[in-house]
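I have placed the structure first, in the form of structure tokens, so that the comments after it can refer back to it.
The values are calculated or read from the model by the stated rules, or taken from the named source; none is laboratory data. Computed from a predicted model, the values in this text were never measured in an experiment. Virtual Cβ from ideal backbone geometry, glycine too; neighbours counted across all protein chains shown. Calculation scope for accessible area: heavy atoms of the full protein, side chains included, ligands and nucleic acids excluded. Shrake-Rupley method; radii C 1.70, N 1.55, O 1.52, S 1.80 Å.
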Amino acid sequence: MSTPIRIFVPRDAAAVAVGADEVAAALAASGQAIEIVRTGSRGMHWLEPLVEVETPEGRIAYGPVATGDVASLLATGFLEGGAHPLCIGRPEEHPFLARQTRSTMALCGVVDPRSESDYAAHGGWRGLKAALGMDAEARVKTVAASGLRGRGGAGFPTGIKWDTVRRAVADQKYVVCNADEGDSGTFADRMTMEGDPFRLVEGMAIAGISVGATYGYIYIRSEYPHAIEAMEEAILGARRAGWLGASVGGSGLGFDMEVRVGAGAYVCGEETSLLNSIEGKRGIVRAKPPLPALQGLFGMPTVVNNVLSLAAVPAIFSEGPEAYERLGLGRSRGTMPVQLAGNVKYGGLVEVPFGITLGELVNEIGGGTASGRPVRAVQVGGPLGAYFPPSLFDTPFDYEEFAKRDGLIGHGGITVFDDTVDMAHMARFAMEFCAAESCGKCTPCRIGAVRGVETVDRILAKREARQPVGAELTLLADLCDTMKFGSLCALGGFTPYPVTSAMTHFPEDFDLDARRLPAGLQAAE
């Protein structure tokens, strides 16, 4: 009997949403001698479902494939990688992927995320094996030498956080993975968990044995059912293979983990709210100090990192910290999975070294707007990120470079808007979002966001009536200043970024006479 031809169909939520399950079923019902492997996504979302066939020359991809395309694909030699209007050739040679540097996302779309053996066959566990050959101090120094910083938005050096927990004296320590990906336009955490969950398990195990933690929690929002299922199966698979449990890889060092599902509160993306939620308490912000690294989960020293931070760790150990540190710009080392969303022609995930410019990401890789109209603004860093006009597209994608221009990289999400957007309405949305998602613990966030919505509403009403809005603009700027410096956490503290950036770069959307803007909020040259 001949060996079945392997066909790869993504089970990533984005692909499933546009018919990947139906395409897989149609292929399975075709009567052909095939084996269907459900992978993650490679991140080319405008081509989903992207179906690949294994040939002697490598995988050949076709997309976007609908169920109605299956018959014509099979009739034109699809199983041999034959020509078809949907054929894009070898996926890794596609221009969207060819200019990327895949490290964290290297196996997404490549491996079967439900197969521990497939992960191992593609180099999985090499990082953990290397880490087991070092002592705890050397492991932490390896992470520090790579220059890895938190990918959740704050950009705090990972090595310093790990070393703080390692040095802490306690009977119990924990590793917590923040997978509460709540920013609009972000999906890298979800793609990692759905497409390469064993990498996250490996990264958490390395963190655990490095800091002396014996247990870990992956906190995932309930809106991610596919990711929850993938992580739970990966944990079971890693445990069966001996990479979790009382003796990780036969080392005598114990580390195990579980998934905890959150109710979907945006504020639980903040680490102390997340810890409260895991403990069964209301998800509200804790005042700091004490820091979670010293008194975190259940009052014990805790490493809290997000998915992309922990998923970057295996490559650092398997390839060496120097290889990772050589990539990037300034203090921003390594690669960043950037998510392109909104009104963009080629939406999806791009992993590139820090230092690429915003314009390259939006116009060259993203292809500009899907509508074909000019790009007017991009919001970087989720719903609390600043709006950048095309005049700032020369900004390198780097923590410090963005901070110089009053921006945030955040979780790496970029949302594109064309020239039909009303930026005053976008400023209102930021305040409305904060008001809806505030945990209510601190006054600047709880009350300030509500007053912000009211103030923008007055601006919009007066704008339509051709009335002066100078007093309201001054009040809004003052309110943003209070929220930025008076809020307990980043929800209230970062909400001013989209508001003030919209006022600064798009004054004409707030006032028909932009000269009425208060001092300090003049339009950029």
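Here each label is just a point 7 Å from Cα along the line to Cβ, and for Phe485 and Ser251 those points are 4.6 nm apart. For the stretch 25-77, the fraction of 1.4 Å probe accessible surface lying on carbon and sulfur atoms is 54 percent. Using the structure shown, select from Lys141/Lys173; Lys173/Lys484; Lys345/Lys484 the pairs with a Cα to Cα distance greater than 29 angstrom. Listed pairs above 29 Å: Lys173/Lys484; Lys345/Lys484. The protection proxy used here, the mean number of other Cβ atoms lying within 10 Å of each residue, ranks peptides 369-382, 40-53 as follows, highest first: 40-53, 369-382.
Accessible surface of Lys141, taken over heavy atoms with a 1.4 Å probe and every protein chain present, rounds to 120 Å². Taking the Cα centre of each part, how many Å lie between the stretch 94-158 and the stretch 180-235? Using only Cα atoms to place each centre, the spacing works out to 13 Å. Here, the stretch 98-192 has an Rg and a Dmax of 15.8, 48 Å when only alpha carbons are counted.
Roughly how big is the stretch 4-157's charge dipole about its Cα centre, with Cβ charges of +1 (Lys, Arg) and -1 (Asp, Glu), in debye to the nearest 20? Dipole size: approximately 740 debye. Shape class of the stretch 238-354 from the alpha-carbon gyration tensor: oblate, with a/c at 1.5 or above and b/c at least as large as a/b.
Note on Asp406/Ala471: beta-carbon distance plugged into 1/(1 + (r/R0)^6) with R0 of 25 Å gives a FRET efficiency of 0.60. Shape class of the stretch 377-525 from the Cα gyration tensor (axes a ≥ b ≥ c, square roots of the eigenvalues): oblate, since a/c reaches 1.5 or more and a/b does not exceed b/c.
Taking each residue as 0.36 nm, the span from Asp457 to Ala138 lengthens on full extension beyond its C-alpha to C-alpha distance by 109.2 nm. Taking a ≥ b ≥ c as the square roots of the Cα gyration tensor eigenvalues, with a/c under 1.5 meaning rounded and otherwise prolate when a/b beats b/c, else oblate, which class fits the stretch 1-121? Since a/c stays below 1.5, the shape of the stretch 1-121 is classed as rounded. Over the stretch 1-76, Cα pairs under 8 Å with separation of 6+ residues give a relative contact order of 36 percent.
Using only the C-alpha atoms, the convex hull of the stretch 357-453 corresponds to 108 Å³ per residue.
Which whole-number percent gives the relative contact order of the chain, counting Cα pairs below 8 Å spaced six or more residues apart? Before the final figure, lay out the partial values.
Working: 1133 pairs, mean separation 68.1, N = 525.
It comes to 13 percent, rounded to a whole number.
Local charge for Arg376 was computed over the other residues whose Cβ lies under 11 Å away, with Lys and Arg +1 and Asp and Glu -1, and equals -3. Roughly speaking, to the nearest percent, how much of the stretch 174-324's 1.4 Å accessible area is carbon and sulfur? With neighbouring chains kept in place, the figure for the stretch 174-324 is 53 percent. DSSP beta bridges confined to the chain are antiparallel in about 50 percent of cases. If R0 is 60 Å, the Cβ-Cβ spacing of Thr3 and Ala436 corresponds to a FRET efficiency of close to 0.65. Packing-based ranking of 239-250, 200-211 yields 200-211, 239-250, ordered from highest to lowest mean Cβ neighbour count within 10 Å. Taken per residue, the accessible surface of the chain reaches 38 Å², heavy atoms only and a 1.4 Å probe. Dipole size of the chain about its Cα centre, with +1 on Lys/Arg Cβ and -1 on Asp/Glu Cβ: approximately 1280 debye, rounded to the nearest 20.
Three principal axis extents of the chain based on alpha-carbon atoms, in descending order, are 81, 62, 40 Å.
Between the listed residues Trp125, Ala471, Leu74, the Cα displaced farthest toward the positive end of the dipole of the chain, a dipole computed from Cβ unit charges relative to the Cα centre, is found at Ala471. Only Cα pairs under 8 Å and 6+ residues apart enter the sum, and on that basis the relative contact order of the stretch 425-495 stands at 35 percent.
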